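The values are calculated or read from the model by the stated rules, or taken from the named source; none is laboratory data. These numbers were taken from a predicted model, which means no experiment stands behind them. Don't worry about glycine lacking a Cβ; one is built from the backbone with ideal geometry, like all the others, and counts go over all protein chains shown. Just so you know, the surface numbers come from the protein's heavy atoms only, side chains and all, with ligands and any DNA or RNA stripped out. Shrake-Rupley method; radii C 1.70, N 1.55, O 1.52, S 1.80 Å.
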Amino acid sequence: MHRRTALGGALTALATAAAGVLVAAAVSTAPAAAAAGGTGTGYLHTSGSKIVDSTGATVRLTGINWFGMETDNKTFHGLWSSNPWRSQLDTMARLGYNTLRIPYSNDALKAGATATGINDFVNPDLIGLSPLQILDKVIDYAGSKGMRVILDRHRPTSAGQSPLWYTSTVSEATWINDWKMLAQRYAGNTTVIGADLHNEPHAEGTNPAATGACWGCGDTARDWRLAAERAGNAILGVQPNWLIFVEGVSCPSGGLSNVWDNDPSNDEDCGWWGGNLSKAGQFPVRLNVANRLVYSPHEYATSVYRQGWFDDPPYPANMPAIWDKYWGYLYKQNIAPIMMGEFGTTLQDPKDKIWLQNLMAYTGTGVNGMSFTYWSWNPNSGDTGGIANDDWTTINQPKQDILTPYLIPPTGGGSTSSPSPTGTPNTSPAPTTPAPTTPPPPTGGCTASYKQINSWAGGFQGELTVKNTGTAAVNPWSATWTWPSGVTLASGWNATVTQSGTTVTAAAPAWASSLAPGASVTVGFTANGTAATPGSVKLNGTAC
């Protein structure tokens, strides 16, 4: 999606669930293997409906889209703001987004492509860099924070989206060759985990003269399922460790129904662009490397298009059956994982808040839930807005509050080294593990402040800020605090956060091990139990 104004709308009502249900039932999930912190270890693969890491631990991708590389700017939007690009990624990670979906167009990959719309004063390290070189830097830094990256071929050109994966000016061969180039560029870099092959294939033309993307129709020029196999297998031939993310279509026939002919027999059941995977069970995507396929539907609210189901009398009780039909069955029947690549809303219509709450509940809680990347970080998405406000710094808290209970923040850092396009060594410093030493005490003291960000039944989210008020740097720093009995750590970020008994320890991350005099660090966490303020806070053993 990108400020889209028209959709292949679904006009056929589905069987509804019992009326009166206000929050969709969570997806039933089997017990996972040992839950992975953050985004797991090494490359990822699939096991039934799960995404798992190299150790077999279940991973849930809870990410966000940062668009711009698919537009005329050919790089991330918001680089024109007063908030440096690294700071924006810091905020995404702090909020709990462990994955970054990055849309691009093939125009941005061309030799000589120029990135525009960059505030050179705020981002001097980006001056003179090509779109791909800026992408390299974002990937390296995201990896140092433990985030994962999914690359999304959003458009053939910066001019706009296309119903098919090719156009008269961008061939299928170009589409596949550019994917192979990216797979080779990031080979060995476990931050980059996969390819979202083409954004929102959709119907075009009125049936029976369909010209848009179909699913299972067998026409090699229009069958998106067959094209996804060709591109996916070409990518896996270069990088067999990547996940292949395949979106749906809007109408399986690839054409729009003629609703004016008074013949309901040929009025097809359609859905969102990229959101209809109803035929994937019958016509699955077949890849040459096992356990690499992830289906990635899109799902939106009334601020994008007022589908008929939003005005059905039983709304929102009708929504689980709709989601089941279009894509949820793939997960519930253990056919393949689901990673909702896009979903979002301005929240201006009260129905949209209900929609977002029910959709998140439908995905399930904890590491066993369906993966997702929210649309979008950007505030300048015309029909959804963003998590960031217009200043690209402060946060749209009502949206964030709904998403927070489902977010699993990144922890640690993975391998972020990758060859440069010239074959010269990458000089970006890789995260290193500090030697096991006893942290020195601060010369002076410290102060601590606490802010509860959110709470829900059975848990809460908070931020503890510790300031070094001493006269010397603390390197490496380590903060500790206590909680009442029964409160247990669920996840933490901006530090390596662990719990023993009622004591919680936040150890400095490798990329920010030193806490200078007068500097502060904010450790974020989610916890299980009744909301409680951290007690007996200490910095390297000194009480704050």
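Condition test on T526, is it in contact with a Phe, Trp or Tyr (Cβ under 8 Å, 6 or more places away or on another chain), at negative phi, hydroxyl-bearing (S, T, Y) and not in a strand (DSSP E or B)?
Criteria not met by T526.
A508 is checked against (1) at pLDDT 85 or above; (2) farther than 21 Å from S144 by Cα; (3) in contact with a Pro (Cβ under 6 Å, 6 or more places away or on another chain) and fails just one. What number does that condition carry?
The failed condition is (2).
Are any residues in the stretch 453-478 part of a loop (DSSP other than H, G, I, E, B) and within 12 Å of S514 (Cβ to Cβ), and if so, which ones?
Across the stretch 453-478, the qualifying residues are A472, A473, N475, P476, W477.
Identify all residues within the stretch 382-394 that are open to solvent by 30 Å² or more (accessible area, probe 1.4 Å) and in contact (Cβ under 8 Å) with a residue 40 or more places away in the chain; write none if there are none.
G382, D391, T393 - these are the residues of the stretch 382-394 that are open to solvent by 30 Å² or more (accessible area, probe 1.4 Å) and in contact (Cβ under 8 Å) with a residue 40 or more places away in the chain.
Every residue in the stretch 182-224 that is β-branched (V, I, T) and either closer than 18 Å to H154 by Cβ or open to solvent by 10 Å² or more (accessible area, probe 1.4 Å) (or both), please.
T190, V192, I193, T206, T211, T220
Being under 33 Å from the mean Cα position of the chain (by Cα), open to solvent by 20 Å² or more (accessible area, probe 1.4 Å) and either of a type outside the set (V, I, T) or closer than 30 Å to D140 by Cα (or both) is true for just one of V504, V497, V466, V523. Which residue is that? Outline the logic, then answer.
Numbers: V504 fails: open to solvent by 20 Å² or more (accessible area, probe 1.4 Å); V466 fails: open to solvent by 20 Å² or more (accessible area, probe 1.4 Å); V523 fails: open to solvent by 20 Å² or more (accessible area, probe 1.4 Å).
After applying the criteria, what remains is V497.
What are the residues in the stretch 230-253 that are charged (D, E, K, R) and surrounded by fewer than 19 Cβ atoms within 10 Å (Cβ to Cβ), if any?
We begin by selecting, within the stretch 230-253, every residue charged (D, E, K, R); these are 230, 247.
Answer for the stretch 230-253, where residues must be charged (D, E, K, R) and surrounded by fewer than 19 Cβ atoms within 10 Å (Cβ to Cβ): just R230.
So the check is Cβ under 9 Å with 6+ separation or different chains; which pairs have a first residue in the stretch 222-233 that's within 16 Å of E200 (Cβ to Cβ) and a second one that's in a helix (DSSP H, G or I) and open to solvent by 30 Å² or more (accessible area, probe 1.4 Å)?
Partner pairs satisfying both residue conditions: A227/E172; A231/E172.
Kindly check whether there is at least one residue in the stretch 57-70 that is open to solvent by 10 Å² or more (accessible area, probe 1.4 Å) and in contact with a helix residue (DSSP H, G or I) (Cβ under 7 Å, 6 or more places away or on another chain).
No, there is no match, as no residue in the stretch 57-70 is open to solvent by 10 Å² or more (accessible area, probe 1.4 Å) and in contact with a helix residue (DSSP H, G or I) (Cβ under 7 Å, 6 or more places away or on another chain).
Taking interchain pairs and intrachain pairs at least six residues apart, which have beta carbon atoms under 9 angstrom, with the first residue in the stretch 353-377 and within 13 Å of W323 (Cα to Cα) and the second assigned to a loop (DSSP other than H, G, I, E, B) and aromatic (F, W, Y)?
W355/Y315
Conditions (1) within 25 Å of G366 (Cα to Cα); (2) of a type in the set (V, I, T), marked per residue:
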{"residue": "T482", "(1), (2)": "yes, yes"}
{"residue": "G486", "(1), (2)": "yes, no"}
{"residue": "A506", "(1), (2)": "yes, no"}
{"residue": "P517", "(1), (2)": "no, no"}
{"residue": "T522", "(1), (2)": "yes, yes"}
{"residue": "F525", "(1), (2)": "yes, no"}
{"residue": "G535", "(1), (2)": "no, no"}
{"residue": "G541", "(1), (2)": "no, no"}
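Quick one: in the stretch 71-119, of everything that is among the hydrophobic types (A, V, I, L, M, F, W, C) and out of contact with any helix residue (DSSP H, G or I) (no Cβ under 9 Å at 6 or more places or on another chain), which residue is surrounded by the fewest Cβ atoms within 10 Å (Cβ to Cβ)? Working first, answer last.
Quick first cut of the stretch 71-119, residues among the hydrophobic types (A, V, I, L, M, F, W, C) only: 76, 79-80, 85, 89, 92-93, 95, 100, 102, 108-109, 111, 113, 115, 118.
Remaining after also requiring out of contact with any helix residue (DSSP H, G or I) (no Cβ under 9 Å at 6 or more places or on another chain): 80, 111.
Numbers: W80: 16, A111: 6.
Per the criteria, the residue is A111.
Which residues, counting only those in the stretch 128-157, are more than 14 Å from K74 (Cα to Cα) and open to solvent by 40 Å² or more (accessible area, probe 1.4 Å)?
Once the filter is applied, which keeps residues that are more than 14 Å from K74 (Cα to Cα) and open to solvent by 40 Å² or more (accessible area, probe 1.4 Å), the stretch 128-157 yields K137, Y141.
Of the residues S491, S514, S520, which single one is touching a residue at least 24 places away in the same chain (Cβ under 8 Å) and closer than 11 Å to L539 by Cβ? Please lay out each step first, then the result.
Numbers: S491 fails: closer than 11 Å to L539 by Cβ; S514 fails: closer than 11 Å to L539 by Cβ.
Result: S520 is the single residue among S491, S514, S520 that is touching a residue at least 24 places away in the same chain (Cβ under 8 Å) and closer than 11 Å to L539 by Cβ.
Looking at the stretch 297-310, I want the residues that are of a type in the set (D, E) and have a partner that is open to solvent by less than 10 Å² (accessible area, probe 1.4 Å) and in a loop (DSSP other than H, G, I, E, B) with Cβ atoms under 6 Å, at least 6 apart or on another chain. Which pairs are those?
If the second residue must be open to solvent by less than 10 Å² (accessible area, probe 1.4 Å) and in a loop (DSSP other than H, G, I, E, B), the pairs left are E299/G275.
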